[in-house]
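J.: Take a look at the following structure, please.
The values are calculated or read from the model by the stated rules, or taken from the named source; none is laboratory data. Predicted, not measured: the structure shown is a model, and the values here were computed from it. Cβ sites come from the backbone with ideal geometry, for glycine too, and all protein chains shown count toward neighbours. Heavy atoms of the whole protein, side chains included, go into the accessibility calculation; ligands, DNA and RNA do not. Shrake-Rupley method; radii C 1.70, N 1.55, O 1.52, S 1.80 Å.
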Amino acid sequence: MKTPGRYIQVLACVLICSDAAYLLAANMHSFIESVRRKALVVYVGSVKEVRVLQRTKFDIKTKAVVDIKAVMRTPGRDPKRATIEYSSYDEKTPMMEGGPQYQLQPGATVIVFANSFEASIPPGYLLQGSREELLQRIEALRDALREMSVDQLGVNEITEQDRDIQLSLYHKLTGYLRAVK
């Protein structure tokens, strides 16, 4: 016959594992809203040029030159161009697990959340797509942020004040994307 002590040990293991899974999931999301909130610069641009900086069996280090169309947040000047260094992939170099990796092409429209106009992603955040796709993604981010509970804000490492700042930013972005045809 099993002792109650054995059942307590099993229950303790289950509880510890479920807590660890929650923390792992939180880490996997990398507190994305916090990353977007902490970005010193946010802009919409068009990829002008893409250059491969280094290629290995597992990764392609790439640099894109971006013509800036609109600046939504900046601590200083509004330059006409920006550069982004990022990880990419192709048919010879498969996508790495865990990303983020991007395949940017000249002419692609991007929204960049970064620490400067000469940034590396990560630690920043990048969206790419057509105007309509970007509008849908920003509206989805806005709606998800609006609906976050206080606990969810904490998991995303942002405050109510951060939420207000981000909602204002998403309002500017949607306004810009709706106006541009």
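J.: For the stretch 111-181, what's the relative contact order in percent, using C-alpha pairs closer than 8 Å and at least 6 residues apart?
T.: 32 percent
J.: A further question follows. Give me P(r) over the stretch 84-181, computed from all C-alpha to C-alpha distances, binned every 10 Å, as integer percentages.
T.: Bins of 10 Å from zero give 13, 37, 37, 12, 1 percent of pairs.
J.: How large is log10 I(q)/I(0) at q = 0.11, 0.19, 0.20 Å⁻¹ when the Debye formula is applied to the Cα atoms of the stretch 23-140, each weighted equally and without solvent?
T.: -0.36, -1.08, -1.17
J.: For residue 181, give me every one of the aspartates and glutamates with a C-alpha distance below 16 angstrom, ignoring sequence neighbours fewer than eight places off in its own chain.
T.: 132, 133
J.: Relative contact order of the stretch 62-143: what whole-number percent is it, with Cα pairs under 8 angstrom and at least 6 residues apart?
T.: 24 percent
J.: Report, ordered by chain and residue number, the lysines lying within cross-link reach of residue 57, taken as a straight Cα distance under 19 Å and ignoring same-chain residues fewer than 8 apart.
T.: Correct list for residue 57: 92.
J.: Additional query: May I ask you to give the percent of accessible area on the stretch 116-179 that is carbon plus sulfur, with a probe radius of 1.4 Å?
T.: Solvent-exposed carbon and sulfur of the stretch 116-179 make up 50 percent of the total.
J.: Measuring from label point to label point, each 7 Å out along Cα→Cβ, what is the residue 140 to residue 168 span in nm?
T.: Output for this residue pair reads 2.7 nm.
J.: Next question, about the same structure. Efficiency by 1/(1 + (r/R0)^6): what FRET value for residue 77 and residue 150, r their Cβ-Cβ distance, R0 = 45 Å, to the nearest 0.05?
T.: 0.75
J.: Could you work out how much longer the chain between residue 160 and residue 91 gets when fully extended? Use 0.36 nm per residue separation minus the Cα distance between them, nm to one decimal.
T.: Between residue 160 and residue 91, full extension yields an extra 20.5 nm.
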